1. Within the range B:166-187, can one find any residue that is more than 16 Å from ligand 2 (Cβ to nearest atom) and not charged (D, E, K, R)?
2. Out of the residues in the range B:433-458 meeting the condition of being facing chain A (nearest Cβ under 8 Å) and farther than 18 Å from residue B:494 by Cα, tell me which one is farthest from ligand 2 (Cβ to nearest atom).
3. Residues B:86, B:126: which one is within 16 Å of ligand 2 (Cβ to nearest atom) and either modelled with pLDDT under 95 or surrounded by 21 or more Cβ atoms within 10 Å (Cβ to Cβ) (or both)?
4. Specify the residue that is surrounded by the most Cβ atoms within 10 Å (Cβ to Cβ); the eligible residues are those in the range B:21-45 that are outside the structural domain of residue B:155 (by TED's automatic domain parsing) and over 20 Å from residue A:85 (Cα atoms).
5. Name the residues in the range B:474-496 that are more than 25 Å from residue B:374 (Cβ to Cβ) and over 16 Å from the mean Cα position of the chain (by Cα), would you?
6. Looking only at the range A:42-84, how many residues end up being within 14 Å of chain B (Cβ to nearest Cβ) and buried (at least 19 other Cβ atoms within 10 Å of the Cβ)?
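The values are calculated or read from the model by the stated rules, or taken from the named source; none is laboratory data. A quick note: this is a predicted structure, and the numbers were derived from the prediction, not measured. Cβ atoms come from the backbone with ideal geometry, glycine included; neighbour counts cover every protein chain shown. When the accessible area is computed, the model is the full protein with side chains, heavy atoms only, and any ligands, DNA or RNA have been set aside. Shrake-Rupley method; radii C 1.70, N 1.55, O 1.52, S 1.80 Å.
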Amino acid sequence: MSLEKLLEKRKSEILKKWYNQVVDTYPPETALFLREQKDAFSNPVGKATRDSLHALLGELLKPEMDSEAVRSHLDPVVRIRAVQAMFTPSQAAGFVYFLKDIIREVLGRDLDNADRLNRLLAFERRIDDMSMSAFNIYMKCREAVFQMKANQEKNKIYKAFLRAGLVEEIPRDETGNHKDA
Amino acid sequence: MSDLPKSEEILKDVEHAPPKKGWMNIPVDIRKGMYCYAANPKSLNALGFPNVHEWNPKDEDWNLPENWQEILHKGFKERLDRFRSVKVFMDICVRCGACADKCHYFIGTGDPKNMPVLRAELLRSVYRNDFTLAGKLLGKIAGARKMDEDVLKEWWYYLFQCSECRRCSVFCPYGIDTAEITIFGRELLNLLGLNIDWIATPVANCYRTGNHLGIQPHAFKDMLDFFVEDIEDITGINVEPQFNKKGADILFITPSGDVFADPGTYTCMGYMMLFKYLKDKYGLDVTWSTYASEGGNFGFFTSHETMKRLNSKMYAEAKRLGVKWILGGECGHMWRVINQYMDTMNGPADFLEEPVNPITGTRFENAKSTKMVHISEFTADLIKHGKLDLDPSRNDDLKVTFHDSCNPARGMGMFDEPRYVIRSVCNQFYDMPRNTIRENTFCCGSGSGLNAGEDMELRMTGGLPRANAVKFVHEKHGVNMLACVCAIDRAAFPDLMSYWVPEVDVTGLTELVANALILPGEKQRETNLRGEPLPGMEE
Ligand code: SF4
Ligand code: SF4
């Protein structure tokens, strides 16, 4: 049996392990909730994570991986993790790499011939590509957040009013800035 | 090659499975993006608050007053005597967990300390230690712990990750309202000078100048004059408002956000057009005030005294002008203060009349004591009695959904009036899923003074459950407009939508009404209030 066929056969097992590992990046109480709450509106993080991983694995197993589809399936889950401040960048976007260990573990002794090992290397290349894509999306999301911070409503309005000489405010310190960063 | 890190070493950082420890043993980790800047001491001084000092949440040392523990203990004790509800909430939680997964901040951030039950435990653990025998004797076993600087930091961090939205209280079998616990906890923090600037400075401005941004009376008038010109360009009608008019029938008060921040400004134009219509058709005499120029009340997020101070200004102005009653604009927490607190704080407002709509004769029983009517109730009543000429087809480019703002919804019980108004002025309306609206509504993620720029990650995660439901109706029905009746929503949602559902724009209710409203003698309109071509008027 080819590597692809083997993977296809073990797909649901791989998906389950992957999902569990991603969910376990959250604190235990949260992980429990993400697993158990099935309502899509009460648990948008669990739902988006489940849907994204399912679609991404499907894409990986196709004869040709469609990079546009990969991006659109990655977006919801990366978009969420990009604003969850508990994660470092690698924790937020690195979850695709989990697949490498999972696949090696699931296939185990089936990886016994050179052909399969070669195919595995090629397959892992796809995982790398997908990971790169996840990091790109992560960066785009972070930029969007920084942009919003920079455009902060109050500053825009405040400055406009100030220029027009319309504001009489409680005086600030000389620079008008907070010491905080 | 040998210098390169091994893949497991790189992945160690990635394979983050947090430790399984009790919540009390996980120290607080103050993360950038999740908190607002410390209050500007000048603002706190302007309000005469105690223990004002410079400090930074990220610093090890918060420059607390030497006897801070004593101040806190005393403050806690005083309030336990004063607020029966808080004492009850401290004692009766059975930790059943029904509230645990109902908070949008928990759902979005994934941080277990944002579970309402744990948020309340922050205070309860100290309460047990300081005020119960079991806690004193058994300590941690009884869920008690001593107040120290780390606990204080944890309080501060998580009490400012609660928008006081009350969603959790809907699910608690005992009706425990974690919002009240947060209000109480923030009041204690204020005793130590630990407010955030996004609250303290608007409060100081409001106290002194009458509104959050410190806009002076003439500037407030300048802004409305500017809207008059805009409206005249669009409709050909001059809607010149009245200011500070003694003896007017009704005083109108709205959050200043409607006057100075898009897209609230279009809602403000809507009010002006509605009042002009009612004046021309029915002789309704409405005045604006340049002194009570703020409906919002950030005092609500500070302390009971501050809330009372800011609320009293509206009634003082109503008294000064000698109006019959007050009509309130599309605000969130203004209505919570009016409905939940005003009567026992500054009420009853006996010098005003029980509100009756002079055009329809409807008596607003719910406002009998507060003498303040919500613009959506008022508009719904007018429509119900066929008093408005409306052309809903002018809103045909819109597929609208409605966000129940926490305060008018859970704090006031107003669910149907806004929907009735929208259905009357728009042909395409789609509600979001049942468990995300009405009394179950999800907060915008930026309520209770948290709509700053520096805490954008908190706002985006806290707003995720709401945005997720908007996304659903966008994908299912093509919804492209999110309507709401709250100025904080109107300030917060454009950011939230741009991150999660960029195809959806944000509007106030009265903007939709004004676009459909046919003013007597108006010219053929070509654009809506935003200057965009009306359906059928595109080039
Ligand atoms: S009041 Fe709202 S924000 Fe606060 S804990 Fe309850 S659900 Fe969360
Ligand atoms: S639902 Fe009520 S009783 Fe149950 S844990 Fe939450 S606050 Fe406590």
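1. no
2. This residue is B:433.
3. Just one listed residue meets the conditions, B:86.
4. B:39
5. Those that are more than 25 Å from residue B:374 (Cβ to Cβ) and over 16 Å from the mean Cα position of the chain (by Cα): B:474, B:475, B:476, B:477, B:478, B:480.
6. Summing the residues that are within 14 Å of chain B (Cβ to nearest Cβ) and buried (at least 19 other Cβ atoms within 10 Å of the Cβ) in the range A:42-84 gives 18.
Let's see how each residue does on (1) free of Cβ contacts under 8 Å to residues at least 12 places away in the same chain; (2) under 26 Å from residue B:297 (Cβ atoms); (3) part of a loop (DSSP other than H, G, I, E, B):
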position: B:314; (1), (2), (3): no, yes, no
position: B:319; (1), (2), (3): no, yes, no
position: B:335; (1), (2), (3): no, yes, no
position: B:351; (1), (2), (3): no, yes, yes
position: B:383; (1), (2), (3): no, no, no
position: B:397; (1), (2), (3): no, no, yes
position: B:408; (1), (2), (3): no, yes, no
position: B:418; (1), (2), (3): no, yes, no
position: B:427; (1), (2), (3): no, no, yes
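Yes or no, residue by residue, for (1) part of a helix (DSSP H, G or I); (2) within 16 Å of ligand 1 (Cβ to nearest atom); (3) charged (D, E, K, R):
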{"residue": "B:155", "(1), (2), (3)": "yes, yes, no"}
{"residue": "B:180", "(1), (2), (3)": "yes, yes, yes"}
{"residue": "B:189", "(1), (2), (3)": "yes, yes, no"}
{"residue": "B:223", "(1), (2), (3)": "yes, no, no"}
{"residue": "B:230", "(1), (2), (3)": "yes, no, yes"}
